[in-house]
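Worksheet: the structure to be examined is printed underneath.
None of the figures in this text is laboratory data; all of them are computed from the coordinates on show. Quick caveat, the model's predicted, so the values are computed rather than measured. Please note: Cβ atoms are built from the backbone with ideal geometry, for glycine as well, and neighbour counts cover all protein chains shown.
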Amino acid sequence: MAKIKVKQVRSSIKRPGNQKKTLEALGLRGIGQEVVHEDSPSILGMIEKVKHLVSVEA
C-alpha cells in the first residue's frame, strides 16, 4: 500500500468532540504536526471526517 502524509493545518479548538478524537487517533496533536500513514480505507475515512483541518500529500 502507498504511504500518505497528513499535516494538521487548523486548530481543533471549538470543534466537536468526534473531530478532536479523530485527530488524536490520526496522531495529530497540534498545528504543523505531520504523520505518515498507510493508505487504508479506515485512515482515508478518518481523513475525510477532518478534511477541513488537515492537508494530505501522497
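The table for this structure:
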read-out	value
Alpha-carbon spread of the stretch 3-57, three principal axes, descending order, Å	30, 20, 16
Rounded tilt (10° steps) of 17-26 against the dominant C-alpha axis of the chain	40
Cut-off of 10 Å, at most 10 other beta carbons, DSSP loop: longest stretch of the chain lacking such trypsin sites (Lys or Arg not before Pro)	15-50
Debye, to nearest 20: dipole size of the chain, +1 on Lys, Arg Cβ, -1 on Asp, Glu Cβ	360
Relative contact order (%) - criterion: Cα under 8 Å, at least six apart; region: the stretch 3-57	56
MRE, 222 nm, helices only [DSSP H, n ≥ 4, -39500 (n - 2.57), over the chain, to nearest 500]	-9500 deg cm²/dmol
